[in-house]
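Starting off with a structure, shown below.
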Amino acid sequence: MENGNNKKRGRKDFEEDLVNEKSGFGDILSSILMLDEEAKQEQEQEQEFQWFTDSDQRTDFFESGYNEKFEEINGFFDQFESQYSEMKQLDDSRNKRARKSGLTDTTAPANIVPVGSDNVSPSQAATGSGQQRRLWVKDRSKDWWDKCNHPDFPDEEFKRAFRMSKATFNMVCEELEPAVMKKNTMLRDAIPVRQRVAVCIWRLATGEPLRMVSKRFGLGISTCHKLVLEVSAAIKTVLMPKFVQWPDEIKTKRIKQEFESATGIPNVGGSIYTTHIPIIAPKASVAAYFNKKHTERNQKTSYSITLQGVTDQNGAFTDVCIGWPGSMSDDQVLEKSAFYQRATRGYLRDVWVVGNKGYPLMDRVLVPYSHQNLTWAQHAFNEKIGEIEKVAKEAFARLKGRWSCLQKRTEMKLQDLPNVLGACCVLHNICEMRNETMDPELKFELFDDEVVPENNIRSPAAAQARDHIAHNLLHHGGRTTSAGFL
């Protein structure tokens with residue numbers, strides 16, 4: 001029995017020892033796991049601390065770089081201000097010495113006068129005399145313009161460059177001065193009126209590209225383009241009402257007398273003609289500006305806008321119609337003109353305007369016979385009417401010869417061309433009225449592109465009056481009576 005009990009007790013003690021050992025291993029495993037967790041947490045804390053440390057280092061680096069750049073910029077501005085102060089003091093001292101020595105001649109060459117102060121009006125000189133800013137102006141040579149603008153420059157050479165005498169140029173500048181003069185600013189002096197007008201007129205006269213205009217006048221290309229548009233608009237706005245206007249009764253009577261004394265045809269108050277100005281193909285409505293006649297003649301696709309004008313006996317314009325598309329015929333352009341509106345509304349009385357075969361025969365518009373097999377009277381009439389047509393045609397030839405920009409395609413926008421063409425017509429009238437002769441080398445030949453309209457007789461009364469004039473021309477020694485009117 002004891003042996004059995006001892007065996008049982010021994011087995012029980014063994015089992016208890018085994019359980020105790022298992023629980024000891026569990027404690028050990030738990031301790032190991034806890035140590036691992038603590039190690040991971042310590043590692044994460046070290047990484048976080050390292051990130052914060054790196055971030056602080058980077059911040060310190062950027063702050064130090066920023067401070068260095070800031071100090072450099074401050075130093076640059078300090079140096080810039082000191083240089084600017086020295087330049088200002090130098091300019092002020094020069095101006096004081098100039099005033100003390102009595103140098104008040106504003107027409108002196110630009111190389112001995114502060115930038116932008118040559119030929120400046122008194123109001124301009126007063127606003128910026130002591131505050132010259134050379135920083136914002138690129139130094140360009142103005143030698144050519146300074147030479148042309150000098151009082152001793154020969155008038156013939158001036159006229160060759162600008163198509164007008166110095167006296168006429170001075171008159172144009174005086175008329176335009178209120179419209180184109182600009183005031184000096186803190187940054188730069190304004191371009192003088194004479195130079196502004198000269199840029200525009202030289203560009204219209206020569207048709208040279210803006211790059212050449214820039215070289216001649218010592219200005220930027222964009223500045224030259226802007227000046228051409230501004231001065232052209234001023235000429236059209238300010239001078240056109242003065243120099244291009246329909247004649248009053250006294251002038252109309254004189255025009256009639258001169259035409260009648262030259263041709264024997266009574267009551268002729270003007271000669272009408274339409275020409276085409278070549279343009280670059282527009283982006284919109286290309287077909288409307290396509291010029292079929294020019295394309296066929298030049299063997300190259302051509303686009304144009306129209307310029308219609310009525311001239312007096314001397315070739316000066318009394319009415320102009322500018323800018324209609326080149327695909328329109330002469331009679332279509334006529335119907336769009338102010339002259340046509342005056343004629344159809346009865347504002348023109350006892351006045352004929354003579355045109356070529358491209359215009360219809362209508363009230364107030366007299367044209368030659370266009371059919372075949374003319375009678376002697378009709379043939380004599382066509383010869384005399386051709387002399388009157390020639391007046392307007394030669395006027396347009398002088399217009400295009402004097403202002404070469406009208407002969408070639410221009411880079412100007414389509415909406416800017418009416419002002420430019422209007423300016424050319426105004427300048428043409430000024431030259432004609434002041435008897436400015438044109439160099440024979442500038443002579444321009446016009447081509448006859450007129451197309452006889454289908455309905456070329458639109459007024460039976462006008463046809464009857466034309467027959468009466470033709471009859472009188474043949475049977476009254478080349479003179480007609482005033483009965484040859486409506």
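The values are calculated or read from the model by the stated rules, or taken from the named source; none is laboratory data. If you're wondering where the values come from, they're calculated on a predicted model, not measured in any experiment. Methodologically, a virtual Cβ is constructed for each residue, glycine included, from the backbone with ideal geometry; neighbour enumeration extends over all protein chains shown. SASA here: full protein model, heavy atoms, side chains in, ligands and nucleic acids out. Shrake-Rupley method; radii C 1.70, N 1.55, O 1.52, S 1.80 Å.
If you check Thr237, Thr301, which single one turns out to be surrounded by fewer than 17 Cβ atoms within 10 Å (Cβ to Cβ), of a type in the set (Ser, Thr, Tyr) and within 30 Å of Glu175 (Cβ to Cβ)?
Selected residue: Thr237, the only one of Thr237, Thr301 that is surrounded by fewer than 17 Cβ atoms within 10 Å (Cβ to Cβ), of a type in the set (Ser, Thr, Tyr) and within 30 Å of Glu175 (Cβ to Cβ).
Residues checked against (1) over 21 Å from Gly401 (Cβ atoms); (2) open to solvent by less than 10 Å² (accessible area, probe 1.4 Å):
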{"residue": "Phe217", "(1), (2)": "yes, yes"}
{"residue": "His225", "(1), (2)": "yes, no"}
{"residue": "Ala233", "(1), (2)": "yes, no"}
{"residue": "Pro266", "(1), (2)": "yes, yes"}
{"residue": "Leu307", "(1), (2)": "no, yes"}
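All but one of (1) touching a Gly at 6+ places or on another chain (Cβ under 8 Å); (2) on the phi > 0 side of the Ramachandran plot hold for Lys384; which doesn't?
Among (1) touching a Gly at 6+ places or on another chain (Cβ under 8 Å); (2) on the phi > 0 side of the Ramachandran plot, the lone unmet condition for Lys384 is (2).
Examine the stretch 203-217 for a residue that is touching a helix residue (DSSP H, G or I) at 6+ places or on another chain (Cβ under 9 Å) and on the phi > 0 side of the Ramachandran plot, and state whether such a residue exists.
Checked the stretch 203-217: at least one residue is touching a helix residue (DSSP H, G or I) at 6+ places or on another chain (Cβ under 9 Å) and on the phi > 0 side of the Ramachandran plot.
While we're on this one: Looking only at the stretch 318-339, filter to residues that are part of a helix (DSSP H, G or I) and acidic (Asp, Glu); which one of those is surrounded by the fewest Cβ atoms within 10 Å (Cβ to Cβ)? Write out each step before concluding.
First pass over the stretch 318-339, keeping only residues part of a helix (DSSP H, G or I): 330-335, 338-339.
With acidic (Asp, Glu) added as a condition, the list becomes 330-331, 335.
Working: Asp330: 23, Asp331: 24, Glu335: 15.
Here the answer is Glu335.
For (1) surrounded by fewer than 21 Cβ atoms within 10 Å (Cβ to Cβ); (2) in contact (Cβ under 8 Å) with a residue 60 or more places away in the chain, each residue gets a yes or a no:
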residue	(1), (2)
Thr344	yes, no
Val353	no, yes
Met362	no, yes
His371	yes, no
Trp376	yes, yes
Ala392	no, yes
Leu414	yes, yes
Leu421	no, yes
Arg434	yes, yes
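Still on this structure: Look through the stretch 378-390, keep the residues that are within 19 Å of Leu474 (Cα to Cα) and open to solvent by 80 Å² or more (accessible area, probe 1.4 Å), and return whichever of them is nearest to the chain's Cα centre (by Cα).
Residues of the stretch 378-390 that are within 19 Å of Leu474 (Cα to Cα), as a first pass: 378-388.
Cutting the leftovers down to open to solvent by 80 Å² or more (accessible area, probe 1.4 Å) gives us 379, 383, 387.
Details: His379: 47, Glu383: 43, Glu387: 37 Å.
Among them, the one singled out is Glu387.
Mind listing whichever residues of the stretch 369-382 are under 14 Å from Arg466 (Cβ atoms) and assigned to a helix (DSSP H, G or I)?
Result: Ala377, Gln378, His379, Ala380, Phe381, Asn382.
Is there any pair with a first residue in the stretch 140-152 that is assigned to a loop (DSSP other than H, G, I, E, B) and a second that is open to solvent by less than 70 Å² (accessible area, probe 1.4 Å) and of a type in the set (Gly, Ala, Ser) whose Cβ atoms are under 6 Å apart and which are 6 or more apart or on different chains, and what are they?
Once the first residue is assigned to a loop (DSSP other than H, G, I, E, B) and sits in the stretch 140-152, its partners that are open to solvent by less than 70 Å² (accessible area, probe 1.4 Å) and of a type in the set (Gly, Ala, Ser) give Arg140/Gly218; Ser141/Gly218; Lys142/Ala110; Lys142/Gly218.
Follow-up. Within the stretch 394-412, how many residues are open to solvent by 10 Å² or more (accessible area, probe 1.4 Å) and of a type outside the set (Lys, Arg)?
8
Separate question: Filter the stretch 280-293 for residues that are in contact with a Ser or Thr (Cβ under 6 Å, 6 or more places away or on another chain) and surrounded by fewer than 21 Cβ atoms within 10 Å (Cβ to Cβ) and give the result.
Ala288, Phe290
So which of Arg216, Arg188 is in a loop (DSSP other than H, G, I, E, B), in contact with a Phe, Trp or Tyr (Cβ under 6 Å, 6 or more places away or on another chain) and of a type outside the set (Phe, Trp, Tyr)?
So the residue among Arg216, Arg188 that is in a loop (DSSP other than H, G, I, E, B), in contact with a Phe, Trp or Tyr (Cβ under 6 Å, 6 or more places away or on another chain) and of a type outside the set (Phe, Trp, Tyr) is Arg188.
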